[in-house]
Amino acid sequence: EVGLGPNRQQKVLPPLASCKQRYLQECDFRKQPPRALGFLMGEKTLNVKGKDFVDGELLAMAATIGDVQILEEVNLSDNSLLTDRSLVQLLRQLSREPLVSALRRLCMGNCVRAGSYTIDATVGLLKAGSALRVLDLSHVTIPVRFQLPLCQAVGRHQALETVNLAETGLQHHELTKDCLRALLCSRTVRLLDIGWNSFNSAVFKSFGGQLVQNVALRSLRVANCATSADTCSAEDTIPPLSLFLEQLAYDKTLTSLDISMNRCDFRTALICEDALDTHNKLKELIMQHNPLGPFGLRSILRLVCREHTGLQIFDTEGCYLGGVPREGMPVYSFTNPGGKYDLQLWRPYHRTMLRMLYKAMEYFALSPEEAFDKVSYTVRSQAVPWKHGSKDSIGVWQVPFEGELSAVFNVQNAILSRLSSAVNAESDATGFLQGFYDLARFKPSVRKVIPLFARWADLGGDAKAQEVFMNALSKDFNLSLSHLQHMCEACRDMTPDLIWRLLPLVEMNEAASFRIGHMFNTMTDFITVHKKMVHFTSLNIENPTGRYHLDLANCSDFAVAERMFLLDRWEAAIDRKHDRKDVSACMNMSHVRNEKYQGRSLQIAGIHSVAEWMLPEQGELVFDYVSNQRPSRKEAVLSEGLWETILIELYQAECEPEDKIAALRSLSHTFYLQSTHVRAMMGYFKRPQERVEVMVTFYMRIVDMHNAKLFRVRFEDREEVRGLQQRLGYASFFPFLQPENAQFELDLSIPDQRLCACMFVQLAIKEKYANLRDYG
């Protein structure tokens, strides 16, 4: 009414004014203070997120909202005081025309007091309207009897694109399988968040099977959904998420995946690497707060660096602890996958390991018969003939889901194929290693190096995380010097650690050595790094014969062991190519002798050859190496004058004998010697262990081995001779041309010592038995 007295008239208010008036009346009636709300001012949204509304205030709005013609968004999130009393009234109003046709977003996240009536009203709204695009019910407990109806309503909705059901009470039971199946029936949902619920292996397996049939979903979030690892007699401590990830090899639509806080360890990470290897649509992978450790992180870094994958964003925050494999558990190495594998194929991790071996076989262009040796397969304790896997229509290797498989994966045939096509392949050890690493390591491209180094930059200040990242990157990767320099500049205080951990990944030359020397901040840093890398920097690949005492937890020492074992397989391949006799210690064609891990012989541990042993990343390893590279009689040797000058300089040098030996060893590949040279050199070293070390270093560089007696007489002590026989091999150190007065103490249970006994018995047969004396 307007006007006064007899001139007073009644005037109809516009809709907006009427809505305001109604709201004020409702607030007055309910004794609630009115609030400034956007939809009362003509806006198309009702956003009261985090405003701490109570039921009375929302009821006032619900009574008023019916007068509004268009309302596209309703956001009630973070109003923990609201209950069914007010929420149901509002949802009923929103379910009516014309509001239901205009509503695009409905958010009720963190309305923790919402109950069954609210969920029932939400189901009614979904059935009534077809315009809703976003539904957020996160942190709202959905009663069990309403879970399936809600999920079915979501799955049948014709317009929903984003659904958030995080922490809504979905549990690990059969009903949850039906709920997830109903959700994935949707042809419109692009983003689905079901994190912070509780799923076991059975639920994850069912969910994975349904997911690969959905072609609409682009972003999936399943953070903190895994229950504790399932434990039973058949599936012992299996991470539940692994059964879900294993099936992602068949998904081709996801662009973003969040699997944070799901107890993913290095096993789950390898499954993830295998499944997403051919996924070129996935751009973002979030794995925060999983115990990946260096082994799991390495799988993720390998996945990121694959050029054919689409992965550009990865978040591994809080993934730098845990994940260390127990002793005896197989660990996959992309650089050197050869070794013996005992796989229990009911385990997802072991099935993935077998698929990775098949991929390595394909990568090295080998046939299954060439790649796999000593294969045995049992099912329920019964031996069964093994049939090699094959690829299905989309390129996934098919492997059995039961039984136990034991096999030796052999990369020597790949080395042999490389030998046949390379120039000077049988004499260029450095070229072989560099070529093999170029083939078998990841080198991040320009497109992939950006996310890799962005993650490194984000770790600044977190020393533990940086250490794990460096350990993960220190195997299976090739880096350029520019890459290493960029990482040092991003975290200058980590420069010493970066160099001694990652320098083995960089191809070295004189220019690179010069640049690296200028990367150190202080001389103290340089000396510290040199001490840690002494075994790596003193390694002479072209003359590798010698003893190696390595700490495998040291990245540079591990690099030495890896190079030596690859070199062993390379030289063994050369021996097989030329059909040379086996003079190895254990008749396994290996050039490695006296190998001990943690003070225990590998043969005692049941390992026949280092070719069957997967190199661990910690522990103490000691072994001798005897190369098959020998000079021909036509090789030029040092002149007497030059050799005399070298010996004089060696004698006058003011350093310890160990340093003199190290200097000689670093240059030993550049010249050949005669027996007289070696005899003269033996006189410059007084202690037996020094003479033995020098003899081992230069034994394979002697041109006139028929004159070996000239230097053998320098070793009068039987212990010295026994030491040389042990380190060089009884067959290699056998005095073929002048065996008189040679003494032997042999253990006939050891193959090469038994071979030595056969040789001097054969000599006695050819000459006369009386030449054998004092035997027993």
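For the chain, calculate the relative contact order in percent as a whole number, restricting contacts to Cα pairs under 8 Å that are 6 or more residues apart.
Result for the chain is 6 percent.
Report the antiparallel proportion of the DSSP beta bridges in the chain as a percent, rounded to a multiple of 5.
So the antiparallel bridges amount to about 50 percent of the total.
Based on alpha-carbon atoms only, what is the radius of gyration of the range 63-164 relative to the globular estimate 2.2 N^0.38 Å?
0.97
Tell me, what is the percent relative contact order of the range 474-559, built from C-alpha pairs under 8 Å that lie six or more residues apart? Can you show the working numbers first?
On the way: 70 pairs, mean separation 27.0, N = 86.
The value is 31 percent.
List, largest first, the extents of the alpha carbons of the chain along their principal axes, each in whole Å.
Dimensions of the chain along the principal axes of its Cα atoms: 147, 64, 40 Å.
With a 1.4 Å probe and all protein chains left in place, how much of the accessible area of the range 659-776 comes from carbon and sulfur atoms, in whole percent?
Of the solvent-accessible surface of the range 659-776, carbon and sulfur hold 53 percent.
What shape does the range 477-617 have by the C-alpha gyration tensor, where a ≥ b ≥ c are the square roots of the eigenvalues, rounded means a/c under 1.5, and otherwise prolate means a/b greater than b/c and oblate the rest?
Prolate shape, in that a/c is at least 1.5 and a/b is the bigger ratio.
Mind checking the per residue accessible area of the range 171-272 for me, 1.4 Å probe, whole number of Å²?
I get 35 Å² per residue for this part.
Relative contact order, percent, of the range 698-776 when contacts are C-alpha pairs under 8 Å separated by at least 6 residues?
Values: 28 pairs, mean separation 15.4, N = 79.
After rounding, I find 20 percent.
Quick one, can you get me the convex hull of the C-alpha atoms of the range 101-235 expressed as volume per residue in Å³?
Working: hull volume 13.2 nm³, N = 135.
Per-residue hull volume (Cα only) is 98 Å³.
Among 728-735, 636-643, what's the highest-first ranking by average C-beta atoms within 10 angstrom per residue?
Descending packing order for the listed peptides: 728-735, 636-643.
Per DSSP helix of 4 or more residues, -39500 (n - 2.57); summed, then divided by the residues of the chain. What does that give at 222 nm, rounded to the nearest 500?
-12500 deg cm²/dmol
Using Cα positions and a limit of under 22 Å, work out the lysines in reach of Lys532, with same-chain residues fewer than 8 apart set aside.
Lys532 reaches Lys464, Lys475, Lys596, Lys660.
Could you sort out which of Lys127/Lys281; Lys387/Lys581; Lys374/Lys448; Lys340/Lys387 sit more than 27 Å apart by Cα distance in this structure? Let's see the in-between values first.
Working: Lys127/Lys281 33 Å; Lys387/Lys581 33 Å; Lys374/Lys448 39 Å; Lys340/Lys387 18 Å.
Listed pairs above 27 Å: Lys127/Lys281; Lys387/Lys581; Lys374/Lys448.
Give the carbon-plus-sulfur fraction of the accessible surface of the range 56-186 in %, rounded to a whole number; probe 1.4 Å, heavy atoms of protein chains only.
Ligands and nucleic acids excluded, carbon and sulfur reach 46 percent.
Do any GluC sites (Glu not before Pro) in the range 532-606 lie in a loop, going by DSSP, with at most 15 other beta-carbon atoms within 10 Å of their beta carbon, and if so which?
Numbers: sites: Glu542, Glu562, Glu571, Glu595; in loops: Glu542.
Loop-located and lightly packed - Glu542.
Work through the residues other than Ser666 whose Cβ is under 14 Å from its Cβ and net out their charges, Lys, Arg +1 and Asp, Glu -1. Each step should come with its number before you reach the end.
Values: positive: Lys660, Arg665, Arg701; negative: Glu542, Glu658, Asp659, Glu693.
Within the 14 Å Cβ shell, the charges total -1.
Straight-line reach from Lys31: which aspartates and glutamates fall under 16 Å, measuring Cα to Cα and dropping same-chain residues less than 8 apart?
Asp55, Glu57
Round to a whole number: what % of the accessible area of the range 285-347 belongs to carbon and sulfur, probe 1.4 Å? Intermediate results must be reported in sequence, preceding the final value.
On the way: 1170 of 2140 Å².
Whole-percent figure for carbon plus sulfur exposure: 55.
Rounded, prolate or oblate for the range 596-751? Axes are the square roots of the Cα gyration tensor eigenvalues, ordered a ≥ b ≥ c, and the cut-off for rounded is a/c under 1.5. All intermediate terms of the calculation are to be shown ahead of the outcome.
On the way: a/c = 1.84, a/b = 1.44, b/c = 1.28.
The shape class here is prolate.
Which helices of the chain meet both criteria: a Cα extent of 24 Å or more along the helical axis and a mean Kyte-Doolittle score no lower than -1.0, with helices taken as whole DSSP H segments?
555-577
Students often check this: by mean Cβ neighbours within 10 Å, which of 685-696, 517-528 ranks highest, and how do the rest follow?
By packing density, highest mean first, the sequence is 685-696, 517-528.
The values are calculated or read from the model by the stated rules, or taken from the named source; none is laboratory data. If you're wondering where the values come from, they're calculated on a predicted model, not measured in any experiment. When we count neighbours, we look across all protein chains shown, and the Cβ atoms used for this are built from the backbone with ideal geometry, even at glycine. Surface accessibility is based on the protein's heavy atoms, side chains included, excluding ligands, DNA and RNA. Shrake-Rupley method; radii C 1.70, N 1.55, O 1.52, S 1.80 Å.
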